[in-house]
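Some notes on the structure that comes next.
Please treat every number below as a calculation from the coordinates, not as lab data. Since we're looking at a predicted model, the values are computed, not measured. So basically every Cβ, Gly included, is an ideal-geometry build from the backbone, and we count neighbours across all protein chains shown.
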Amino acid sequence: MEVANGAVVSAHPLASLAGVQMLKKGGNAVDAAIATQWALAVVYPGAGNIGGGGFMVAQLKDGKRLALDYREMGPAAAHRDMYLDEQGNAVAAKSLNGHLAAGVPGTVAGLFESLKYAKLPMSVLIQPAIEFAEKGFVLTEREARSLNAERADFEKYNTRPTAFVKQNAWKTGDTLVQTELANTLKRIQQAGSKGFYEGETAELVVAEMKRGNGIISLSDLKNYKAKFREPFTFHYRGYEVLGMPMPSSGGLLLNQMLKMTEPFDIGSMGFQTPASVQLMTEIERRAYADRAKYMGDADFYKVPVAQLRSDTYLKSRMADYKSGLAGNSTVTREGIVPGYESEETTHLSVIDKDGNAVAVTTTLNGGYGSRTVVGGAGFLLNNEMDDFSAKPGSPNMFGAVGGKANAIAPGKRMLSSMAPTIVLKNGKPYLVVGTPGGTTIPTSVYQNILNIIDFGLSTEDAVNRPKFHHQWLPDRIDLEKGFNETTKQALEKMGYKTNERGAYSRSEIIKVLPNGKFEAVADRRGDDSAAGY
Ligand code: GLY
């Protein structure tokens, strides 16, 4: 889609339209991003949320840059060993499912914090979401299938009936009405963020915790704060990149990967040739080894950001790279490997005619988070606690572990991979980009950027051509279905282990064209949609 006035790309058509509606009412890109997130919390319950958290990166028309952190945090009663059994083994089921898996939600605080840069009142921005919840919306085939697939878990992890389970299976064309969620959104509409973090909604959360042995308290909710951070910025081939700093590894990983790429004329190697994929794989491997050892919430752990992004360090990291020969992921760094992250998250990209650009990635972590709905309040709680390292140095049920940088602590935010990103050309927005996908987020954003800047792909192809992923450990290249077979065989001859996997990553990109118009591209892997005018 090519438009002149403004565009929103998100995981759901109704959410994208809610954003564009705000642009048409005189709102800016921040207004649109807020309305889109409220709407996603209703029409995209697998990842859109008010019970989770997220990050916003923005450049405003006056050049001001924003990085807003509304990541969930560990409740006050959380402690380092809370997911270990009596033998000291990590029990992943506890950090993934049910009440104990939830961190203190940050989304509502984040939306109110971002309102400082919006033009319309919150009562207007939240209204489409209230209507979607109250009147319901019609399910697509994919949505009906997804709710049916979770039915057993919804029954297992809930103490009260939820809107997501009905007597018969969901089918295409059914209407999903969420009355309790509509009432929660109305409380927020009337009382602001206190309508969520205090009063009836907070009491419903705590009552739910009591019924399911969770630990989020009234004071955890009342004390939650979204935080503006210094946006993470660096240059790549004359473009400036704005990304998210800690507690997301997204900005730093992207910085490391792009800067390790810069000395190579990768464009002339060609898109997804054996040479370019091998080089990018070796770069991804090195960046993710650093993630495992050094990265966590910088408010709690000293992350050596300056060292990890320095030219000298990045050059030294590539010193043992050999073209045509697979490297290896020998565990030389205290036996630490990257933590597992679920791939269910969602991204939205927004731009307006005045030059405000907003990238937001938000998540419940796993699909439908902990699968626990707050009884009487109708919203799903995240299972973001699993993004902490349950036991530093020891593999979890997915064969992955993390380091002490990301150990659990009260008030600490779990390390994320989310990478909402804006690429600037001559100081003005050029690309607004992001994707869901857990640890595959930074490698997908990296590939989206190289696809456009170095390989000269169209935005459609940059988004929709298959992706690949290496994260140091496990030491293998994950190749998305449909990946070039000749390149795959060449990589195997070089000594790489490859692993074919299903579709992942749902990138939403807005590119500013030379004529000033916006090209908005939604990923074809889901029901994603671009809207604009
Ligand atoms: N839970 C996904 C992430 O934050 O990276």
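Values as computed for the structure displayed
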quantity	calculated
For the chain: rounded, prolate or oblate by the Cα gyration tensor [a/c cutoff 1.5]	oblate
For residue 12, distant residues with modelled amide H under 5 Å away	529
Karplus (6.51, -1.76, 1.60) ³J(HN,Hα), θ = phi - 60°, over the range 322-329, in Hz, Gly and Pro reported as x	10, 4, x, 10, 5, x, 9, 10
Axial C-alpha extent at least 15 Å, average Kyte-Doolittle at least -0.5 - helices from the chain (DSSP)	13-24, 29-43, 199-212, 250-261, 440-453
For the chain: relative contact order, % (alpha-carbon pairs under 8 angstrom, 6 or more apart)	25
Cleavage-rule hits, trypsin sites (Lys or Arg not before Pro), the range 433-522, DSSP coil, Cβ neighbours within 10 Å at most 12	481, 497
Fewest-first sequence of 185, 139, 364 by Cβ atoms within 10 Å of each Cβ	139, 185, 364
Links that overshoot a 23 Å alpha carbon limit, given the list 322/493; 194/225; 119/186; 156/227; 25/61; 353/425	156/227
For the range 214-359: rounded, prolate or oblate by the Cα gyration tensor [a/c cutoff 1.5]	oblate
Eligible aspartates and glutamates near residue 135 by straight Cα distance, threshold 15 Å, same-chain separation 8 or greater	174, 180
Backbone N within the range 343-377 under 20 Å of label point (7 Å from residue 93 Cα along the Cβ vector)	366-373
Calculated from backbone phi, Karplus (6.51, -1.76, 1.60) coupling profile of the range 414-425 in Hz, x at Gly/Pro	5, 4, 10, 10, 5, 9, x, 9, 10, 9, 10, 10
Linear extension gain, residue 323 paired with residue 354, 0.36 nm per residue minus alpha-carbon span	6.6 nm
Prolate/oblate/rounded call for the range 234-287, Cα gyration tensor, a/c under 1.5 rounded	oblate
Fewest-first ranking of 387, 528, using other Cβ atoms within 10 Å as the exposure measure	528, 387
